[in-house]
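J.: If you scroll down you'll find the structure; I have some questions about it.
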Amino acid sequence: AQSVAQPEDQVNVAEGNPLTVKCTYSVSGNPYLFWYVQYPNRGLQFLLKYITGDNLVKGSYGFEAEFNKSQTSFHLKKPSALVSDSALYFCAVRDALIYGGSQGNLIFGKGTKLSVKP
Amino acid sequence: KAGVTQTPRYLIKTRGQQVTLSCSPISGHRSVSWYQQTPGQGLQFLFEYFSETQRNKGNFPGRFSGRQFSNSRSEMNVSTLELGDSALYLCASSLEGQSFEKLFFGSGTQLSVL
């Protein structure tokens, strides 16, 4: 079975400081991993994904994430946080073995609320 | 290019009624997926359509159904509404419906069941 965990409901950082939003996953086969961001009263926006290759993935708005297979983690990071980064962040996983050819059943974490203070 | 469009934006219904939500994907996108978002359960996959065929279905009762038209527009229907169906319903599209593709989400339809 697929699952994804975001252990922190909320992360608070000061503007200009580095931020990390944690994500761990469980799949039977190889994982396809995604990060999405949701602003109030809006749908989700894609940030970045890991499919294969380089473990460090760079995405939109200066975000990056590191795939760690041994720790089954895919933490989201940014070197210097902005107040405008405040939003709800979702990690998601899909088992490539089961859903190799379709968009079936993307499993989302519960979300982490990021609050960046000036 | 216009993004994913969902209508209506807000909907209020009473228990026992039925409701139809509409989604227009990005032009050229062939796959449409539906998700339910609630504070308690988070985001849960409902179903995915590709070329007018349902390819995958989540763990929801048969009251939840959908379809996709030849122009890739999609509708989802919920019959015999229950209070627990109150949620934000999100539609997402992707170009070829491959599992490694990113999803483009609409702003959602906020359904309130009274």
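Every number in this text was worked out from the coordinates using simple rules, so none of it is lab data. Here the structure is a predicted model, which is why all the values come from computation and not from measurement. A quick note on method: Cβ atoms are made from the backbone with ideal geometry, for glycine too, and the neighbour counts reach across all protein chains shown.
J.: If Lys and Arg each add +1 and Asp and Glu each add -1, what is the summed charge of the other residues whose beta carbon sits under 15 Å from the beta carbon of B:Cys23?
T.: Summing Lys and Arg as +1 and Asp and Glu as -1 gives +1.
J.: If each residue's Cβ is checked for other Cβ atoms within 10 Å, how do A:Val116, A:Val21 rank with the fewest at the top?
T.: Going from least to most buried by this count: A:Val116, A:Val21.
J.: Give the average, rounded to an integer, of partner chain Cβ atoms located within 10 angstrom of each Cβ in A:37-44.
T.: The per-residue average across the peptide is 5.
J.: Okay, next question. What percent does the relative contact order of chain B come to when contacts are Cα pairs within less than 8 Å and at least six residues apart?
T.: Result for chain B is 36 percent.
J.: Beyond a 24 Å Cα-Cα separation, which of these cross-linked pairs lie in this structure: A:Lys77/A:Lys113; A:Lys78/B:Lys1; A:Lys69/A:Lys110; A:Lys49/A:Lys78; A:Lys117/B:Lys1?
T.: Flagged as over cut-off: A:Lys78/B:Lys1; A:Lys117/B:Lys1.
J.: Something else: Exposure proxy check: A:Asp54, A:Asp85 ranked by fewest other beta carbons within 10 Å?
T.: Listing A:Asp54, A:Asp85 from fewest to most nearby Cβ atoms yields A:Asp54, A:Asp85.
J.: Which FRET efficiency value, to the nearest 0.05, is calculated for B:Ala2 and A:Asn68 with the Förster distance at 30 angstrom and r the Cβ-Cβ distance?
T.: Once rounded, the FRET efficiency stands at 0.20.
J.: What average count of beta carbons from other chains do you get within 10 Å of the Cβ of residues in B:42-49?
T.: Mean partner-chain Cβ count within 10 Å for B:42-49: 5.
J.: Go ahead and set up a Gaussian network model of chain A, Cα springs under 10 Å, then flag whichever of A:Pro40, A:Pro31, A:Pro79 fluctuates most.
T.: For chain A, modelled as a Gaussian network with Cα springs under 10 Å, the answer is A:Pro40.
J.: Next question. Below 8 Å between Cα atoms, with a sequence gap of 6+, how large is the relative contact order for segment A:1-63 in percent?
T.: It comes to 24 percent, rounded to a whole number.
J.: Once you sort the root eigenvalues of the Cα gyration tensor of segment B:27-68 as a ≥ b ≥ c, which label holds: rounded (a/c under 1.5), prolate (a/b larger than b/c) or oblate (the other case)?
T.: Note, shape of segment B:27-68 comes out oblate.
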